[in-house]
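All remarks here apply to the structure that follows.
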Amino acid sequence: MMCNVWRYLTTTHALRLFLVSIFVLNIIDAIATLYWVNTGITNEANPIMAQWLHLGNRPFVVIKLMLVTIGVGFLWRFRDYGMARWMAIPACGLYAITCMGHCIIVYNVFVIGLN
């Protein structure tokens, strides 16, 4: 059973799901980050992206989407190599953790009322 799971994780279908998930989670992260930063609830945690955010919302979103799109494109381009297939898994996991952090902020701000 477990062998089938590992085998599936290295298929092109699984890679496509991971890469689409990374792209969608990146868009959610960008929108949530802009909301939290523009309302003064928090700051951008990534110092490199914080510099782009200081230039404005548009440069931040363009660079964020462009960098992730290039990364996803490289992983897809080299999908026949095992390393590309395996690198998509932790990348997707990190974006999922980031979006869970946004959910925690939503809970703290809108449900509990912390600000």
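Bear in mind these aren't lab numbers, they're just calculated from the coordinates by the rules spelled out. This is a predicted model, so every value here is computed, not measured. With ideal geometry, Cβ positions are generated from the backbone for all residues, glycine too; neighbour counts draw on all protein chains shown.
Relative to the globular-protein estimate of 2.2 N^0.38 Å, the Cα radius of gyration of the range 20-112 stands at 1.18. Residues Val68, Val62, Val37, arranged from fewest to most other Cβ atoms within 10 angstrom of their Cβ, appear as Val62, Val37, Val68.
If we count chymotrypsin sites (Phe, Trp or Tyr not before Pro) as exposed when they sit in a DSSP loop and have at most 15 other beta carbons within 10 Å, what is the longest stretch of the chain that avoids them all? Mind dumping the intermediate values first?
On the way: sites that count: Phe78, Tyr81.
Looking at the chain, 1-77 is the longest stretch - no exposed chymotrypsin sites (Phe, Trp or Tyr not before Pro) with at most 15 other Cβ atoms within 10 Å.
How high is the relative contact order of the chain, in percent, counting Cα pairs under 8 Å that sit 6 or more residues apart?
Numbers: 71 pairs, mean separation 41.5, N = 115.
Result for the chain is 36 percent.
Note on the range 1-71 and the range 73-102: Cα centroid distance 10 Å, given to the nearest whole angstrom.
Values of log10 I(q)/I(0) for the range 1-72 across q = 0.12, 0.24 Å⁻¹ run -0.44, -1.02, by the Debye formula with one identical scatterer at each alpha carbon and no solvent. Charge dipole of the range 20-112 (Cα centre as origin; +1 on each Lys and Arg Cβ, -1 on each Asp and Glu Cβ, all else neutral): 220 debye, rounded to the nearest 20.
Among Ile104, His54, Ala84, which residue has its Cα furthest toward the positive end of the charge dipole of the range 20-112, with +1 on Lys/Arg Cβ and -1 on Asp/Glu Cβ? Among Ile104, His54, Ala84, the one farthest towards the positive end of the dipole of the range 20-112 is Ala84.
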